[in-house]
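Chemist: Got a structure here, written out as structure tokens. Questions coming.
The values are calculated or read from the model by the stated rules, or taken from the named source; none is laboratory data. What you see is a predicted model; the values in this text were computed from it and never measured. Every residue, glycine as well, gets a Cβ built from its backbone with ideal geometry; the counts of neighbours run over all protein chains shown. What goes into the accessible areas is simple: the full protein's heavy atoms, side chains included, and nothing from ligands, DNA or RNA. Shrake-Rupley method; radii C 1.70, N 1.55, O 1.52, S 1.80 Å.
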Amino acid sequence: MWSHTSMQRITIGWREWVGLPDLGVQAIKAKVDTGARSSALHAWDVEIATGNGTPTVHFTLHPYQRDLRRTVRASAPLLDMRMVRASSGHEEERPVIRTQMSLFGRSWPIDVTLSRRDAMGFRMLLGRQAVRGRFVVDPGRSFLGGRPEKGTR
């Protein structure tokens, strides 16, 4: 038997527009994938700098699908290097960063691996660690958090 708790969780769809304000990204379309443990962001020209004693990752990303002209150059402290098994079964070591994500007017830190996702349909994959305890996912719905205004995507 299913029971209600005193804290109702917000329902999100299988894909949502999210913000990554620390990276300078107002809106990026993310596929919500509860089968994936961690989140992933499409990035290339990934460079790890070790100056000042704190490793920093510098990278470039296209926040919008099918738009190769608009790019964002971003930087974040390197949190970790992690072996990740892709859906194809291939394992690769990826840099991990922690950044703020916003959705439904809420913002919280999430861990994100950086990887080339050229062949993937979404620039970002939102794994279960990022949504656990915050949202319920309705796989039959999309963009319940709204869509960005024209000009911001």
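Chemist: Measuring from label point to label point, each 7 Å out along Cα→Cβ, what is the Ala86 to Asp45 span in nm?
Modeler: Output for this residue pair reads 2.2 nm.
Chemist: For Arg116 and Asn52, calculate 0.36 nm times their separation in residues minus their Cα-Cα distance, and state this gained length in nm to one decimal. Walk me through the intermediate numbers first.
Modeler: Details: separation 64, 0.36 × 64 = 23.04 nm, distance 2.73 nm.
Going from the current span to full extension adds 20.3 nm.
Chemist: How much of Met81 can a 1.4 Å solvent probe reach, expressed as accessible area in Å² and rounded to 10?
Modeler: 70 Å²
Chemist: Next question. Might you report the magnitude of the Cβ-based charge dipole of the chain about its Cα centre, with Lys and Arg at +1 and Asp and Glu at -1, to the nearest 20 debye? Write down the numbers at each step before the final one.
Modeler: Working: 24 positive and 14 negative charges, 114 e Å.
That gives a dipole near 540 debye.
Chemist: While we're looking at this one, here's another question. Return one whole number: the accessible area per residue of the chain in Å², for a 1.4 Å probe.
Modeler: On the way: 8920 Å² over 153 residues.
The answer is 58 Å² per residue.
Chemist: State the percentage of accessible surface on the chain attributable to carbon and sulfur atoms; use a 1.4 Å probe and exclude ligands, DNA and RNA. Numbers along the way, then the final one.
Modeler: Details: 4230 of 8920 Å².
About 47 percent, which is the carbon plus sulfur part of the accessible surface.
Chemist: Then there is this: Send over the Kirkwood Rh of the chain, from the inverse of the averaged 1/r over different Cα pairs, rounded to one decimal Å. Let's see the in-between values first.
Modeler: Working: mean 1/r = 0.0617 Å⁻¹.
Hydrodynamic radius (Kirkwood, Cα pairs) of the chain is 16.2 Å.
Chemist: Using Cα pairs closer than 8 Å and at least 6 residues apart in sequence, work out the relative contact order for region 25-153, in percent. Let's see the in-between values first.
Modeler: Values: 242 pairs, mean separation 43.5, N = 129.
Normalised by residue count, the contact order of region 25-153 is 34 percent.
Chemist: Ignoring everything but the protein chains, give the 1.4 Å probe accessible area of Leu79 in square angstrom, nearest 10.
Modeler: Around 80 Å² of this residue is reachable by solvent.
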